[in-house]
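The values are calculated or read from the model by the stated rules, or taken from the named source; none is laboratory data. Everything quoted here is computed from the prediction, not taken from an experiment. Using ideal geometry, Cβ is built from the backbone for each residue, glycine included, and neighbour counts are taken over all protein chains shown. Keep in mind that these areas ignore ligands, DNA and RNA; they rest on the heavy atoms of the full protein, side chains included. Shrake-Rupley method; radii C 1.70, N 1.55, O 1.52, S 1.80 Å.
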Protein chains: 2
Amino acid sequence: MESDFKNKNVLVVGIGLMGSAFAKSFKSLGFKKVYGHDINEEILQAAEKQMIIDRGCSDVSSVIGECDLVVVCLNLAHAVDFIKSNMKLFKKGSILTDIVGVKRNIIREILPVLRDDVDFIPGHPMAGREKSGEIFTSDKIFAGKNYILTLTEKNKKENIIFVKRLIEEMGFGQIIETDPETHDEKIAFTSQLCHIIAASMVDISDDSKVTRFEGGSFQDMTRIAMINSSMWAELFLANKDKLVEVLDKFQESIEFFKDSIENEEYASITDRFDIIGKKRMEMGK
Amino acid sequence: MESDFKNKNVLVVGIGLMGSAFAKSFKSLGFKKVYGHDINEEILQAAEKQMIIDRGCSDVSSVIGECDLVVVCLNLAHAVDFIKSNMKLFKKGSILTDIVGVKRNIIREILPVLRDDVDFIPGHPMAGREKSGEIFTSDKIFAGKNYILTLTEKNKKENIIFVKRLIEEMGFGQIIETDPETHDEKIAFTSQLCHIIAASMVDISDDSKVTRFEGGSFQDMTRIAMINSSMWAELFLANKDKLVEVLDKFQESIEFFKDSIENEEYASITDRFDIIGKKRMEMGK
């Protein structure tokens with residue numbers, strides 16, 4: 001198994017939170033060479049020094065043609081830009097993948113310009129963490145997390161098998177295959193809505209010591225309000241239709257509770273909560 | 001210190017999730033006798049058998065007059081009812097406390113009928129847990145949690161000191177003193193809003209397997225949707241004014257994000273998120 005990785009060079013594009021975790025993981029899986037690209041020279045030097053990557057390249061033109069796997073860990077606009085402007089340089093038969101949090105847009109942008117001898121396997125690792133001030137992340141953040149693949153008709157069977165095995169070896173849990181439309185719809189709900197809710201909860205607080213009055217729920221629910229604002233704003237706008245739809249639904253449900261409370265409709269609150277409690281129980285811990 | 005408890009009898013009224021944890025804690029602190037009252041005979045027998053209480057009394061009239069401390073672990077309506085109907089029986093000089101999650105109502109109900117020789121110290125332990133099917137709870141749920149006291153002018157200094165030391169010995173963290181008005185306002189935000197949000201998130205889900213598409217936020221944020229619906233509905237209605245106000249504010253903030261996303265106002269989203277991120281950071285982990 002591992003010998004497969006030993007014959008392959010990999011390029012990680014963007015050595016940020018996710019990129020550094022990917023690079024660390026590739027190093028420990030024994031890839032032949034782990035190259036790193038970033039627009040920030042200091043990041044590359046630090047990553048080299050900490051042996052997160054074998055070599056940092058501010059210019060990828062000399063290495064990308066040697067790489068069997070290119071993992072683009074950039075946000076949507078930069079990922080599209082990087083892939084388009086380097087399309088001619090990719091190695092024949094190489095695998096290209098990304099980690100962008102919405103999938104319709106990147107697929108719509110890349111497929112029309114994709115070379116026939118480069119296999120683009122769009123992915124979304126459901127791992128991350130709050131900002132912490134550190135530059136690099138441990139690959140432990142992958143442990144047991146879901147990894148979504150939105151495969152296209154063009155993907156080669158052997159490459160899909162390779163990427164799936166790689167994801168497993170990296171420590172991820174379940175691999176979920178779905179179409180980009182379904183992905184973006186579900187993500188609007190399970191991820192984007194959560195982040196907006198957390199932000200709004202903090203937004204309306206006028207007391208920085210309010211956590212004295214809590215049992216833990218408030219802090220747990222709002223931790224994800226500490227996010228990379230530019231990355232998330234881009235993702236929200238890229239998934240505008242799905243996200244607005246889910247925000248509308250959510251507001252309707254909050255409205256139901258608000259009205260029921262205002263009108264003191266005790267039974268309609270308990271009835272709805274009983275249904276919801278059962279529903280949540282079925283979703284597991 | 002401990003000898004103080006050894007000379008005192010305590011009665012826990014309502015051997016549910018919280019009552020059983022209180023009783024266990026009192027037993028391990030070495031109270032002379034830990035009596036338990038519940039309307040359910042089987043619960044009392046089970047609690048006696050598991051040595052959570054020294055003696056179960058379906059009728060409290062014979063023991064309440066011996067108790068130096070009475071802790072009422074019932075919901076608002078039942079707590080008011082119990083205290084009012086047993087007012088004549090309390091021991092002269094005893095301390096009475098409750099754990100109801102909103103404080104204005106119970107104080108408004110009890111103070112006018114309170115005997116001068118009974119000291120009512122209203123409390124709100126910020127501990128709890130989701131439904132689990134088990135009847136009794138471990139007193140470990142108290143560890144490090146906040147305990148709010150909304151003291152009244154009638155409270156005796158020595159009784160306040162006693163109750164505070166007891167709370168500390170039980171393993172709670174910070175003890176917060178505030179007035180009932182502030183308590184109910186803060187709780188609407190840090191606790192009640194969280195529960196309604198969690199419920200609404202589950203409410204709008206039409207896919208029981210949606211957690212495949214998540215990194216953990218959704219499950220973490222919705223766990224508290226599995227609640228005791230009748231207890232919470234009562235608390236929501238008892239705190240109607242404060243809760244509706246906070247729900248209005250919350251909806252306004254969600255609306256701001258929805259409008260910004262609909263109109264693709266990238267900068268207004270990132271600006272607001274930057275402020276929110278800093279604000280949340282100041283609130284601690």
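Computed log10 I(q)/I(0) for segment B:76-182 at 0.14, 0.15, 0.16, 0.25 Å⁻¹: -0.59, -0.68, -0.77, -1.44, from the Debye equation with unit scatterers placed on every C-alpha and solvent omitted.
For chain A, the longest principal axis of the Cα atoms and the long axis of helix A:240-262 meet at an angle of about 20 degrees. The relative contact order of chain A, computed from alpha carbon pairs under 8 Å that lie at least 6 residues apart in sequence, is 14 percent.
Treating r as the C-beta distance of B:LYS154 and A:SER230 and R0 as 56 Å, the FRET efficiency rounds to 0.50. By the gyration tensor of its Cα atoms, with a ≥ b ≥ c the square roots of the eigenvalues, what is the shape of segment A:182-283: rounded for a/c under 1.5, prolate for a/b over b/c, or oblate? Oblate, since a/c reaches 1.5 and b/c is not below a/b. The interface between chain B and chain A buries about 8400 Å² of solvent-accessible area in total (1.4 Å probe, ligands and nucleic acids excluded).
Tally Lys and Arg at +1 and Asp and Glu at -1 over the other residues with C-beta under 15 Å from the C-beta of A:LYS164: what net charge comes out? Here the count lands on -2. When chain A is treated as a Gaussian network with alpha carbon springs shorter than 10 Å, the biggest mean-square fluctuation among A:THR150, A:THR190, A:THR182 belongs to A:THR190. Placing +1 on the Cβ of every Lys and Arg and -1 on the Cβ of every Asp and Glu, with nothing else charged, gives chain B a dipole about its Cα centre of roughly 1220 debye.
For chain B, the solvent-accessible area works out to 42 Å² per residue, with a probe of 1.4 Å and every protein chain left in place.
Would you mind getting me the FRET efficiency between B:ARG108 and B:GLU282? Use the beta-carbon distance for r and R0 = 22 Å, nearest 0.05. Rounded to the nearest 0.05, the efficiency is 0.05. Between B:MET51 and B:ASP117, the contour length at 0.36 nm per residue exceeds the Cα-Cα span by 20.6 nm. Across every pair of non-identical alpha carbons in the protein assembly as shown, the mean reciprocal distance, once inverted, gives a Kirkwood radius of 26.5 Å. Close amide H contacts of A:VAL70 (hydrogens built in the peptide plane, cut-off under 5 Å, sequence separation of 5 or more or a different chain): A:LEU11, A:ILE95, A:LEU96, A:THR97. If you put a point 7 Å past Cα along the Cβ direction, how far is that point for B:GLU181 from the same point in each other copy, in nm, smallest first? Its label point is 5.6 nm from the equivalent points in the other copies. Distances from B:LYS240 to itself in the other copies, using label points 7 Å out along the Cα-Cβ axis, amount to 4.1 nm in increasing order. The same position A:ILE135 in the other copies lies at 6.0 nm from this copy, comparing label points 7 Å beyond Cα toward the beta-carbon, shortest first. Distance from the Cα centroid of segment B:1-45 to that of segment B:137-154 is 15 Å (rounded to whole angstrom).
Compared with the direct C-alpha span, the chain from B:ILE275 to B:GLU168 gains 34.9 nm at full extension, assuming 0.36 nm per residue. The accessible surface of the protein assembly as shown, taken with every protein chain in place and a 1.4 Å probe, is 48 percent carbon and sulfur. The long axis of helix A:17-29 is offset from the longest Cα principal axis of chain A by roughly 50 degrees. Relative to the longest principal axis of the Cα atoms of chain B, helix B:229-238 runs at roughly 80 degrees.
Distance in nm between label sites at B:MET87 and B:ARG212, each 7 Å beyond Cα in the beta-carbon direction? In this crude label model, B:MET87 to B:ARG212 measures out at 6.1 nm. Other residues whose C-beta falls under 15 angstrom from the C-beta of B:GLU264 contribute a net charge of -2, scoring Lys and Arg +1 and Asp and Glu -1.
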